[in-house]
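Only one structure is covered here, and it is reproduced in the block below.
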Amino acid sequence: MKVLMLTWEYPPRIIGGISRHVEGLSEALVKKGLEVHVVTTDFPGVPYEENVKGVHVHRVSIETPAPDFPTWVLLMNHYLVKRSANIANSIGGFDIIHAHDWLVALSSIEIKHFLNVDLITTLHSLEFRRVGAISSPFSRMIDSIEWWSTYESKVIIVCSGSMKGDLIYHFKIPEEKIKIIPNSIDNSKFDIFVDKSAVRSRYGVYDNERLILFIGRLTSQKGCEYLIRAMHYLPSHLNAKLIIVGDGYMRSDLEREVFSSGLGWKVKFTGFLPDNEVIQLLKSADVLVVPSIYEPFGIVALEGMAAGVPVVVSNVDGLSEIIKHDYNGVHVYPRDPSSIAWGINRVLSDPNYAQWIVKNAKSEIYEKYNWDFVASVTTDLYKKVKGKW
Amino acid sequence: MVNGLDIKERMIQLLANLNAVSFDKALDVETLKENLKLENGMIKRIIMELSNKGYLIEEKNKVYLTTTGIIRAFSYYS
C-alpha cells in the first residue's frame with residue numbers, strides 16, 4: 001500500500017508536535033510493509049529528497065514570498081500539490097492520502113479529487129479551542145478549513161477522547177466518522193545513561209537544589225506564566241529552580257515577569273534545545289510540569305513518563321486521559337499557580353510517592369503508548385477505508 | 001493578530017512570510033525598515049537584539065532567519 005503523508009513540518013523542522021508524530025508514525029508504517037511518501041516543507045541544511053529509515057521524504061521549497069501567513073499557507077499548499085503530483089506520476093499513484101492538520105488541508109483535498117484517492121485527516125488540535133473563540137478573520141478561515149477537511153475526509157483521526165468530543169460538539173460530525181488513535185513516542189530514546197549531576201550543573205542547578213522542568217512552546221496555550229507564578233508559592237526549603245525549555249512569541253513577556261518579580265536567580269530560559277539535550281534534562285529533573293490551558297494530547301507528558309520523572313499536569317483535555325491523578329502523575333487546576341505549587345510540592349516532599357507514580361507511569365507507557373501499536377491500528381484503518389478489511 | 005504583536009515579533013514574521021531563510025533570499029535592511037516603518041536607529045537595535053538571541057543573521061546589510069528563527073516564527077501558528 002502506497003501512502004501519501006502530507007505535513008507542514010517533519011524533522012528536523014520541528015515547530016510543534018506534528019513533526020515528531022508524523023515521523024514516528026511513518027517509520028512504524030514502513031516497518032509494517034507500507035510504502036510511505038512524506039511531502040513536506042524544506043528546512044535549511046536538509047536535502048530536498050532523502051530516504052530516512054525507509055520513509056521517502058520529499059521537501060518542497062516555497063519560492064514565492066507572501067505578504068502574510070494565510071497567503072504563505074496557500075502558496076505552501078500549491079507547492080505540496082505540485083510535488084505530490086510529480087511523485088504520483090512517477091510511482092503510479094497512491095492508495096491513500098493521510099493529511100495532518102488544517103495547514104495541509106487544501107492540498108490534501110485537491111489531490112484527493114485529482115487522483116480519486118481516499119483521504120484520511122488527523123486533526124492534532126482545533127482552532128476554536130486554541131484561541132477560545134472564533135472571532136478574528138484569521139480564526140474564521142482556519143475554523144472553516146478544519147470543518148472542510150472533516151467533510152472531505154473519509155475518516156478523521158484524533159488523539160484523545162476530548163478531541164473527539166470537541167469535534168462532535170463543534171462541527172456536529174457523526175461519531176462513527178471519528179477514530180481515536182493515541183499519540184506515541186520512541187521509548188528506546190530514553191534508555192540511556194545520564195550523568196544527572198553534570199547535566200544539572202550545566203543549567204546552574206546544584207545537588208542541594210530541586211529541578212522543576214517545563215518543555216514547550218512559549219505560547220498562551222501552554223500556560224507557562226502560571227508555572228512561573230507558582231514559584232512564589234513553593235516552600236523555600238524545597239530550594240527549587242525552574243528550567244524553561246522552548247521558545248515562542250511570549251518569551252519576552254515571560255522573561256520580563258520573571259525578572260520584575262525577583263525570580264531571576266530561580267528561573268532560567270534555555271530557548272530551543274536539541275532532542276538529546278532535552279532527554280538528558282528530562283532524566284535529570286525532579287519534576288516535569290505541564291501547565292497547559294488546552295492540550296489535545298500532551299506528548300511531553302509521555303516523554304516525562306518514559307524518562308522516569310514525576311509528571312504534574314493541568315487537569316485538562318488529553319492530559320487528564322493520559323495522567324491518572326495519584327496513580328501515574330498529579331493533576332492540578334489549570335490557570336492556578338497555587339494549585340500548581342501544591343502539585344509540585346506533593347511530588348518533591350514525598351520521595352516514596354514520587355517513586356510510586358514514576359513506576360506506574362513507566363509500566364503504563366510501555367504497554368499503551370508505542371508506535372508499533374499505533375501503526376497496526378492505522379494500517380487496519382487504511383485497509384478498512386480501502387474496503388480491504 | 002500579527003499586527004497586535006510587538007515590533008520584534010513582526011520582524012520575525014515578516015522575514016518568515018517573505019521566505020528570507022538564507023543569504024540568497026535575505027531582505028535588505030532598507031526593505032525591512034520601510035515595511036516595518038522604523039527609524040534607522042531602531043531597526044539597527046532590533047536586528048542586533050534578535051541576532052544576539054540567535055533568531056537572525058545580518059550579513060552585508062541583508063537579513064535572514066536562522067533555523068531557530070524559522071521555528072520561532074512558525075511556532076506562533078502551531
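Values in this text are rule-based calculations from the coordinates and carry no lab data. Keep in mind it's a predicted model, so treat the numbers as computed, not measured. Cβ coordinates were reconstructed from backbone atoms using ideal geometry, including for glycine residues, and neighbour counts include every protein chain displayed.
Peptide A:10-17 has a mean shielding of 3, counted as Cβ atoms of other protein chains within 10 Å of each residue's Cβ. Scalar couplings 3J(HN,Hα) for the stretch A:86-99, obtained by applying the Karplus form with A = 6.51, B = -1.76, C = 1.60 to θ = phi - 60°, are 4, 5, 4, 5, 7, 10, x, x, 10, 9, 8, 10, 10, 9 Hz; x denotes Gly and Pro. The chymotrypsin sites (Phe, Trp or Tyr not before Pro) found in the stretch A:292-388 that occupy coil by DSSP, while having at most 15 further C-beta atoms within 10 Å, are A:Tyr327. With respect to chain A, whose longest principal axis is taken over its alpha-carbon atoms, helix A:251-260 is tilted by about 10°.
The gain in end-to-end length when the A:Asp68 to A:Glu50 segment is fully stretched comes to 3.5 nm, 0.36 nm per residue minus the alpha carbon separation. Measuring nothing but alpha carbons in chain A and taking Rh as the Kirkwood radius, the Rg to Rh ratio lands at 0.98. If one computes the Cα centroid of the stretch A:321-389 and of the stretch A:95-135, what distance in Å separates the two points? So the two Cα centres are separated by 27 Å. For chain A, the dipole from Cβ point charges (+1 on Lys and Arg, -1 on Asp and Glu) about the Cα centre works out to 280 debye, to the nearest 20. Hey, what did chain A get for relative contact order, percent, Cα under 8 Å, at least 6 apart? Over chain A, the number comes to 14 percent.
Whole-Hz Karplus values for the stretch A:183-196 come out as 6, 8, 9, 8, 4, 5, 4, 8, 8, 10, 7, 10, 7, 4 Hz, taken residue by residue from phi with 6.51 cos²θ - 1.76 cosθ + 1.60 and θ = phi - 60°; glycine and proline positions read x. Only beta bridges with both residues in the protein assembly as shown are counted; by DSSP, about 20 percent of them are antiparallel.
Using a Förster distance of 45 angstrom, determine the FRET efficiency expected from the C-beta separation of A:Phe114 and B:Asp6, and round it to 0.05.
0.60
In chain A, the longest principal axis of the Cα atoms and the axis of helix A:337-348 are about 80 degrees apart.
Using equal-weight Cα scatterers in the Debye expression, the normalised intensity of chain B in log10 at q = 0.21 Å⁻¹ is -0.88. Ordering A:Ser197, A:Leu381, A:Ser61 by the projection of their Cα atoms onto the charge dipole of chain A, which places +1 on the Cβ of Lys and Arg and -1 on the Cβ of Asp and Glu, puts A:Leu381 at the extreme positive end. Dipole orientation for chain A: of the candidates A:Pro351, A:Leu273, A:Val332, A:Pro351 has the Cα lying most toward the positive pole (charges on Cβ; Lys, Arg +1; Asp, Glu -1).
Treating cross-link reach as a plain straight distance, find the aspartates and glutamates whose alpha-carbon is under 16 Å from the alpha-carbon of A:Lys386, omitting any fewer than eight places away in the same chain. Here the aspartates and glutamates satisfying the reach criterion relative to A:Lys386 are A:Glu35, A:Asp95, A:Asp118, A:Glu152.
Our helix-only sum for chain B, with -39,500 (n - 2.57) per DSSP H run of n ≥ 4 divided by its residues, gives a mean residue ellipticity at 222 nm of -15500 deg cm²/dmol. Note on chain A: GNM, Cα springs under 10 Å; of A:His98, A:His170, A:His37, the largest mean-square fluctuation is that of A:His170. Modelled spin-label separation between A:Arg140 and A:Glu321, with each label point placed 7 Å from Cα along the Cα-to-Cβ direction: 3.1 nm. Amide H contacts of B:Leu56: B:Ser51, B:Thr66, each under 5 Å away and 5 or more positions distant or on a separate chain (H built 1.01 Å from N in the peptide plane; Pro and chain starts excluded). Which of rounded, prolate, oblate describes the stretch A:241-389, given a ≥ b ≥ c as roots of the alpha-carbon gyration tensor eigenvalues and a/c under 1.5 marking rounded, otherwise prolate only if a/b is larger than b/c? The shape class here is prolate. In this structure, the pairs whose alpha-carbon distance is over 27 Å, taken from A:Lys268/B:Lys37; A:Lys222/B:Lys25; A:Lys266/B:Lys53; A:Lys112/A:Lys172, are A:Lys268/B:Lys37; A:Lys222/B:Lys25. Between A:His78 and A:Glu367, the FRET efficiency from the beta-carbon distance, with R0 = 56 Å, is close to 0.80. The residue among A:Gly161, A:Leu25, A:Phe297 whose Cα reaches farthest toward the positive pole of the charge dipole of chain A, with charges on the beta-carbon of Lys, Arg, Asp and Glu, is A:Gly161.
Overall, the stretch A:4-74 carries a charge dipole of about 300 debye about its Cα centre when +1 sits on the Cβ of Lys and Arg and -1 on the Cβ of Asp and Glu, all other atoms neutral. If both residues of a DSSP beta bridge must be in the stretch A:187-368, then about 5% of such bridges are antiparallel. Taking a point 7 angstrom from the Cα of A:Ser349 along the C-beta vector, which residues in the stretch A:233-270 have backbone N less than 20 Å away? Zone members listed by number: A:233-242.
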